[in-house]
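The values are calculated or read from the model by the stated rules, or taken from the named source; none is laboratory data. Model, not experiment: these values are computed from the prediction. Cβ coordinates were reconstructed from backbone atoms using ideal geometry, including for glycine residues, and neighbour counts include every protein chain displayed. Ligands, DNA and RNA are stripped out before the accessible areas are found, and what is left, the full protein with its side chains, is counted by its heavy atoms. Shrake-Rupley method; radii C 1.70, N 1.55, O 1.52, S 1.80 Å.
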Amino acid sequence: MMQNVHKSAEEIIDEKNKLNAIISNIPHGIIITDIENRLIKANKQAERMFDFSANKIKGKYLLEYLHNENLSKALKQASTKGKGKLSREIKIPNKETNKINTYILSSAFVTNQHGENINIVTGLYDVTHQKELEELRESFLRTVSHELRTPLTTIIGFLNLISKAAGDQLSKDQKSYLDIVLKESKNLEEIINDLLDITKIKA
């Protein structure tokens, strides 16, 4: 019996060490609390994000040590949700860069064998870079679309004017070439308008 107990204890310790290693090496912020939001564990990424020491405040009410209202509200909401999973986007100032970082916060309950909530695991994924790239891409599309549409409108206008002014003076081939250029210019105009519509819809 003692051997079995000793073996079980070693297995529990091994599993705990594995879990700690996984949490420590995850490149995103991980915070684990009890259902009253008392801190159990946080990895280095979370400590760096929110400027606290997990060792110093372990077992204490986490919300008292967070200096961000958005995060505090999200964690409080997660603890009162009861069941299911909370996922939301939050903005948090970055002291190192003096910019506002964007995170996807995801919280879920851990239950025991009786189905009772015992812990809350919260993950924070930094999507600031992705957001910046998305905004840059949309800005580029808007700028290029506007810059292209103005001269293209002028080109189409002059092509229509030439077509009407020349009338029967154009040969069959010349008329065909002009029609092709006008048709392709209008197709390009439609593509540019579609790009502008997409950016408006996303905005």
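If I filter region 15-50 down to residues being under 18 Å from Tyr103 (Cβ atoms) and open to solvent by 90 Å² or more (accessible area, probe 1.4 Å), which single residue comes out as modelled with the highest pLDDT?
Looking at the filtered set, the residue picked out is Lys44.
What are the residue pairs meeting all of these: first residue in region 1-28, first residue within 29 Å of Met49 (Cα to Cα), second residue open to solvent by 100 Å² or more (accessible area, probe 1.4 Å) and modelled with pLDDT of 80 or more, Cβ atoms under 9 Å, and 6 or more apart or on different chains?
Matching pairs, first to second residue: Ser24/Lys44.
What's the total number of residues in region 51-72 that are more than 14 Å from Leu124 (Cβ to Cβ) and either at pLDDT below 80 or out of contact with any Lys or Arg (no Cβ under 7 Å at 6 or more places or on another chain) (or both)?
9
Would you confirm whether any residue within region 75-95 is open to solvent by 90 Å² or more (accessible area, probe 1.4 Å), at pLDDT 80 or above and over 30 Å from Ile198 (Cα atoms)?
Among the residues of region 75-95, not one is open to solvent by 90 Å² or more (accessible area, probe 1.4 Å), at pLDDT 80 or above and over 30 Å from Ile198 (Cα atoms), which makes the answer no.
Considering only region 3-21, I want to know if a residue exists there that is in a loop (DSSP other than H, G, I, E, B) and out of contact with any helix residue (DSSP H, G or I) (no Cβ under 9 Å at 6 or more places or on another chain).
Pass one, region 3-21, residues in a loop (DSSP other than H, G, I, E, B): none.
No; the residues of region 3-21 include none that is in a loop (DSSP other than H, G, I, E, B) and out of contact with any helix residue (DSSP H, G or I) (no Cβ under 9 Å at 6 or more places or on another chain).
For (1) touching a residue at least 12 places away in the same chain (Cβ under 8 Å); (2) closer than 30 Å to Thr199 by Cα, each residue gets a yes or a no:
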| residue | (1), (2) |
| --- | --- |
| Leu148 | yes, yes |
| Thr153 | yes, yes |
| Leu159 | yes, yes |
| Leu170 | no, no |
| Ser176 | no, no |
| Asn187 | no, yes |
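Scan region 138-147 residue by residue and report those that are out of contact with any Leu (no Cβ under 6 Å at 6 or more places or on another chain) and surrounded by 12 or more Cβ atoms within 10 Å (Cβ to Cβ). Before the answer, list the steps.
From region 138-147, those out of contact with any Leu (no Cβ under 6 Å at 6 or more places or on another chain) are 138-140, 142-144, 146-147; that's our starting set.
Matches in region 138-147: Glu138, Arg142, Val144, His146.
Considering only region 126-155, how many residues are closer than 29 Å to Ile100 by Cα, of a type in the set (S, T, N, Q) and modelled with pLDDT of 85 or more?
Result for region 126-155: 2.
With respect to Thr102, is the statement that it is of a type outside the set (Lys, Arg), within 13 Å of Gly123 (Cα to Cα), part of a strand (DSSP E or B) and open to solvent by less than 40 Å² (accessible area, probe 1.4 Å) true?
Values: of a type outside the set (Lys, Arg): yes; within 13 Å of Gly123 (Cα to Cα): no; part of a strand (DSSP E or B): yes; open to solvent by less than 40 Å² (accessible area, probe 1.4 Å): yes.
For Thr102, the condition - of a type outside the set (Lys, Arg), within 13 Å of Gly123 (Cα to Cα), part of a strand (DSSP E or B) and open to solvent by less than 40 Å² (accessible area, probe 1.4 Å) - is not met.
Does region 191-203 contain any residue that is touching a residue at least 60 places away in the same chain (Cβ under 8 Å) and exposed (fewer than 11 other Cβ atoms within 10 Å of the Cβ)? Before you say what the answer is, go through the steps one by one.
The initial filter retains those residues of region 191-203 that are touching a residue at least 60 places away in the same chain (Cβ under 8 Å), namely 199, 202-203.
Remaining after also requiring exposed (fewer than 11 other Cβ atoms within 10 Å of the Cβ): 202-203.
Scanning region 191-203, I find at least one residue that is touching a residue at least 60 places away in the same chain (Cβ under 8 Å) and exposed (fewer than 11 other Cβ atoms within 10 Å of the Cβ), so the answer is yes.
Taking region 54-66, which residues are touching a strand residue (DSSP E or B) at 6+ places or on another chain (Cβ under 9 Å) and open to solvent by 30 Å² or more (accessible area, probe 1.4 Å)? Talk me through it step by step, then tell me what you get.
To start, the set of residues in region 54-66 that are touching a strand residue (DSSP E or B) at 6+ places or on another chain (Cβ under 9 Å) comprises 54, 57-62, 65.
Across region 54-66, the qualifying residues are Lys58, Gly59, Lys60, Tyr61, Tyr65.
May I ask you to say which residue of Thr154, Thr150 is among the β-branched types (Val, Ile, Thr), open to solvent by 90 Å² or more (accessible area, probe 1.4 Å) and part of a helix (DSSP H, G or I)? I'd like the intermediate steps shown before the answer.
Numbers: Thr154 fails: open to solvent by 90 Å² or more (accessible area, probe 1.4 Å).
Just one listed residue meets the conditions, Thr150.
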